[in-house]
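Asker: Handing you a structure now.
The values are calculated or read from the model by the stated rules, or taken from the named source; none is laboratory data. Only a predicted model underlies this, so the values are computations on that prediction, with no experimental measurement involved. Quick reminder, even Gly has a Cβ in these numbers, built from the backbone with ideal geometry, and neighbours come from all protein chains shown.
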């Protein structure tokens, strides 16, 4: 991959017509009368292009309502009646600190006992986060895979598969956080020299969780671009773990942003877990010099230089009611103006281009290894019931009551053979709406699942909260059926996030193993580790549950 010039980045924007009418089904052709309706010249869609030759973004996608239209959608696209579903494998995400700062496996004995219990419970495998900040910690191109190789060997002995997450983001809030894993030290040194490598909001607050996508292809990391650094990391991982690829390591999830998700850090990750309670709007992350250069270039391209000076005004503060803001309000909010369309097309388009760059490199690196590649989309649902969906817009998802912002992402993943990973499978509208009437985790999730069905790509589900009751597990089953039922070859799996001491407490363990049995087919479950016979008795007996509590992570 050629290194871009260190001079200021150049960007090119082209215009394509958007249909005036809003279509619920993206694949429906416009009628002749609709085609006669022309849009205002400044409301044309922006296409951010690069030498990657990224494909044309979506046209008139329509958002999927959280409360109706599902049946019509499925009937229109010819989804057949429900068939008997195959089993869906369950994976368990390992603790964040499974590998320590020096690259050593922590709590080896406890991990070995936990792996044996998971295998006996019918779990398919584990999800292992491979941290950039640990592996390539001190110097560029110097990698330490030792701790992760030990985990792979342990999983192999226990009969478990492994999904590896390429974690190019920061974990935790700072050195005092027990789960603190920063970006590589040499990367932080480069950010100290050039603070604009980090995202910035309108107040000048820097977010260090992930390198700004505005400098994706610039040689700002000791002569390499961020995309090159990610690619080199993945390539070295492939070479170091080649004997296990396709056999033990069956999946690679490629991180594309904060928390490994394809999004902007509109809200710090540690706050994002509770943002749905406080209904935070988030902040647009477009104020580092690299993002501003791109925005300015696109504004000049359409002859509106004044639109290139920064993000929208009138967005309020993080905690404000969106209806009280000039930009996000339903009635004449500027999100639904020619300027709003220009900015949101550019902002979401840059994120989509970032995802496409990484997908292209990952597909090349892992081609022929027989591992499945996946990418994760964030579960931002707390303004889903509003017209403008403000918290989704600030995260980079141009998803509103009049536009489907997830379908372009899913289409992009489908082009590169990626699996879609998304969260919130256990969340229920009836509970969330009691605290936040405009929240709709089910509406958000159904929109993503229908997009995955439409694009015919596999799906990985995850839970947002770790302590799940029976109702939560049943909700996971329900949403998995929403995706899988009626498909000729459904491909759904679930990542339980995450393994900790609470998971092995008696009642939690009983619930979890019951859920695994419900998700997995019986023949796979009984064959696990060759136990045969009555696996149920092995898993759910009180003595084994107490045994589990003894070796659980503390």
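Asker: Restricting attention to the stretch 336-356, report how many residues are in contact (Cβ under 8 Å) with a residue 12 or more places away in the chain and either in a loop (DSSP other than H, G, I, E, B) or in contact with a strand residue (DSSP E or B) (Cβ under 7 Å, 6 or more places away or on another chain) (or both).
Answerer: So in the stretch 336-356, the residues in contact (Cβ under 8 Å) with a residue 12 or more places away in the chain come out as 336, 338-356.
Applying the additional criterion that residues be either in a loop (DSSP other than H, G, I, E, B) or in contact with a strand residue (DSSP E or B) (Cβ under 7 Å, 6 or more places away or on another chain) (or both) yields 342, 345-346, 349-350, 353, 355.
Within the stretch 336-356, residues that are in contact (Cβ under 8 Å) with a residue 12 or more places away in the chain and either in a loop (DSSP other than H, G, I, E, B) or in contact with a strand residue (DSSP E or B) (Cβ under 7 Å, 6 or more places away or on another chain) (or both) number 7.
Asker: Okay, next question. Would you check if there is a residue in the stretch 234-249 being within 19 Å of residue 409 (Cβ to Cβ) and within 21 Å of the chain's Cα centre (by Cα)?
Answerer: Restricting attention to the stretch 234-249, the residues satisfying the condition of being within 19 Å of residue 409 (Cβ to Cβ) are none.
Scanning the stretch 234-249, I find no residue that is within 19 Å of residue 409 (Cβ to Cβ) and within 21 Å of the chain's Cα centre (by Cα), so the answer is no.
Asker: Also: Scanning for something at pLDDT 95 or above, outside any strand (DSSP E or B), over 22 Å from residue 372 (Cβ atoms) and in contact with a strand residue (DSSP E or B) (Cβ under 7 Å, 6 or more places away or on another chain), does the stretch 120-134 turn up at least one residue? Before the answer, list the steps.
Answerer: The initial filter retains those residues of the stretch 120-134 that are at pLDDT 95 or above, namely 120-134.
Within this subset, residues satisfying the condition of being outside any strand (DSSP E or B) are 120-124, 132-134.
Then keep just the ones that are over 22 Å from residue 372 (Cβ atoms); that gives 120-121, 133-134.
Restricting the remaining residues to those that are in contact with a strand residue (DSSP E or B) (Cβ under 7 Å, 6 or more places away or on another chain) gives 133-134.
There is at least one residue in the stretch 120-134 that is at pLDDT 95 or above, outside any strand (DSSP E or B), over 22 Å from residue 372 (Cβ atoms) and in contact with a strand residue (DSSP E or B) (Cβ under 7 Å, 6 or more places away or on another chain).
Asker: Taking the criterion of being more than 30 Å from residue 99 (Cα to Cα) and either part of a helix (DSSP H, G or I) or at pLDDT 85 or above (or both), would at least one residue in the stretch 490-498 satisfy it? Full working, then the answer.
Answerer: Step one: list which residues in the stretch 490-498 are more than 30 Å from residue 99 (Cα to Cα), which gives 490-491.
Among the residues that remain, those that are also either part of a helix (DSSP H, G or I) or at pLDDT 85 or above (or both) are: 491.
Among the residues of the stretch 490-498, at least one is more than 30 Å from residue 99 (Cα to Cα) and either part of a helix (DSSP H, G or I) or at pLDDT 85 or above (or both), which makes the answer yes.
Asker: So, restricting to helices (runs of 4 or more DSSP H) that lie completely within the stretch 370-480, which ones have at least 3 residues that are farther than 18 Å from residue 261 by Cα? Walk me through how you get there before you give the answer.
Answerer: Numbers: elements: 390-395, 407-415, 429-435, 441-455.
Filter on the stretch 370-480 gives 429-435, 441-455.
Asker: Related question: Which is on the phi < 0 side of the Ramachandran plot and either surrounded by fewer than 21 Cβ atoms within 10 Å (Cβ to Cβ) or at pLDDT 95 or above (or both), of 267, 222, 286? Full working, then the answer.
Answerer: On the way: 267 fails: either surrounded by fewer than 21 Cβ atoms within 10 Å (Cβ to Cβ) or at pLDDT 95 or above (or both); 222 fails: on the phi < 0 side of the Ramachandran plot.
Unique residue meeting the criteria: 286.
Asker: Could you pull out the residue among 148, 199 that is at pLDDT 95 or above, within 20 Å of the chain's Cα centre (by Cα) and over 17 Å from residue 224 (Cα atoms)?
Answerer: On the way: 148 fails: within 20 Å of the chain's Cα centre (by Cα).
Answer to the check: 199.
Asker: I've got another one for you. If the requirement is being under 15 Å from the mean Cα position of the chain (by Cα) and closer than 26 Å to residue 280 by Cα, which of these qualifies: 445, 413, 468, 459? I'd like the intermediate steps shown before the answer.
Answerer: Values: 413 fails: closer than 26 Å to residue 280 by Cα; 468 fails: under 15 Å from the mean Cα position of the chain (by Cα); 459 fails: closer than 26 Å to residue 280 by Cα.
When all the criteria are applied, what remains is 445.
Asker: Determine which single condition residue 185 fails, assuming it passes every other condition in (1) touching a residue at least 12 places away in the same chain (Cβ under 8 Å); (2) farther than 17 Å from residue 135 by Cα; (3) out of contact with any strand residue (DSSP E or B) (no Cβ under 7 Å at 6 or more places or on another chain).
Answerer: Tallying (1) touching a residue at least 12 places away in the same chain (Cβ under 8 Å); (2) farther than 17 Å from residue 135 by Cα; (3) out of contact with any strand residue (DSSP E or B) (no Cβ under 7 Å at 6 or more places or on another chain), residue 185 fails exactly one: (2).
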